[in-house]
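Beneath this line is the structure, given in structure tokens, with notes to follow.
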Amino acid sequence: MDYSDITVIIPTLNEEQNIGRLIDRIKELYPPIRILVVDDGSKDATAQIVIDKSKQYGNVKLLDRKSEEIKGLTISIRDGILNTETEWFLIMDGDFQHPPEYIDDAIKCMDENADLVIGRRDKIEEWPFTRKMISIGAQALGKISLFIRRKQIPKDIMSGFFGGKTEVLRAFAKNDKILEFKGYKFLFDILKVFPKDKKICEFGYVFRNREYGTSKIGKKQIIAFLKSLF
């Protein structure tokens, strides 16, 4: 696959310590690939760093959501997909927890003509006990919800490292009734309605520790996920 057929969508919020280095690393590994940074109103220099990188590389763009009324990871991802012009897209965190080196593994799934591509966390470097318990609980509740709905159940239904065919996923992203906009688990929202005749491909990766900054997951995001179960 030609890397120019893929857009890496990176939702950000106050990632000035990470985003510039991440863009450089992705472009070092995959020069033709397109990058779309969807910034959710950062108060730091994140947006300006992306603007500077867009002048350096050309196929790096910023989608600035600072004036949007609704904020959140899910709606940022949704807006990124709706503004993607390539055949394929891939969602990545802006803090190096999703290593750029695994983009090639995602592309192998795309080469198999998968409609939805999911990065499966085979190993997590270091997580606090409470974060592990939250993750285990969310996975269990989510899989029960998918089982009841008689949907496909991938191994990592809470992954934030995923992508697929832009045309296929755009159809779901346009449906406001599917997504919990203020939530943070876009993939799970899609899996709840994803047809059984659509192909899912998973690839394994090592989930790394955030290099700089702090996690954006809090009580509001957890409540939004619980709401999305029903």
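Quick check: anything in the stretch 151-164 out of contact with any strand residue (DSSP E or B) (no Cβ under 8 Å at 6 or more places or on another chain), in a loop (DSSP other than H, G, I, E, B), over 21 Å from D95 (Cα atoms) and not hydroxyl-bearing (S, T, Y)? Yes: the stretch 151-164 contains one or more residues that are out of contact with any strand residue (DSSP E or B) (no Cβ under 8 Å at 6 or more places or on another chain), in a loop (DSSP other than H, G, I, E, B), over 21 Å from D95 (Cα atoms) and not hydroxyl-bearing (S, T, Y). The residues listed here are E180, E125; of these, the one that is surrounded by 13 or more Cβ atoms within 10 Å (Cβ to Cβ), of a type in the set (D, E) and at pLDDT below 95 is E180.
Any idea how many residues of the stretch 93-106 are under 18 Å from I200 (Cα atoms) and under 15 Å from the mean Cα position of the chain (by Cα)? Within the stretch 93-106, residues that are under 18 Å from I200 (Cα atoms) and under 15 Å from the mean Cα position of the chain (by Cα) number 3.
For the stretch 65-75, state whether one or more residues are closer than 23 Å to E28 by Cα, surrounded by 13 or more Cβ atoms within 10 Å (Cβ to Cβ) and not hydrophobic (A, V, I, L, M, F, W, C). No, the stretch 65-75 contains no residue that is closer than 23 Å to E28 by Cα, surrounded by 13 or more Cβ atoms within 10 Å (Cβ to Cβ) and not hydrophobic (A, V, I, L, M, F, W, C). When you check Q17 against the structure, is it free of Cβ contacts under 8 Å to residues at least 24 places away in the same chain, out of contact with any Asp or Glu (no Cβ under 6 Å at 6 or more places or on another chain), at negative phi and not acidic (D, E), yes or no? Criteria not met by Q17.
Screening L36 with (1) touching a Gly at 6+ places or on another chain (Cβ under 6 Å); (2) more than 23 Å from Y3 (Cα to Cα) gives one miss only, at (2).
Taking (1) within 24 Å of F181 (Cα to Cα); (2) surrounded by fewer than 17 Cβ atoms within 10 Å (Cβ to Cβ); (3) touching a residue at least 40 places away in the same chain (Cβ under 8 Å); (4) of a type outside the set (A, V, I, L, M, F, W, C) in turn, G80 satisfies each apart from (2). Checking A114, A138 one by one, the residue that is among the aliphatic types (A, V, I, L, M), buried (at least 16 other Cβ atoms within 10 Å of the Cβ), in a helix (DSSP H, G or I) and in contact (Cβ under 8 Å) with a residue 60 or more places away in the chain is A138 and no other. Checked against (1) closer than 30 Å to R34 by Cα; (2) surrounded by 13 or more Cβ atoms within 10 Å (Cβ to Cβ); (3) modelled with pLDDT under 95, I103 passes all but a single condition, namely (3). Within the stretch 161-174, being surrounded by fewer than 22 Cβ atoms within 10 Å (Cβ to Cβ) and in contact (Cβ under 8 Å) with a residue 12 or more places away in the chain holds for K165, T166, E167, V168, R170, F172, K174.
The values are calculated or read from the model by the stated rules, or taken from the named source; none is laboratory data. Being a predicted model, the structure only gives us computed values, none of them experimental. Here Cβ is always computed from backbone atoms with ideal geometry, including for glycine, and neighbour counts include all displayed protein chains.
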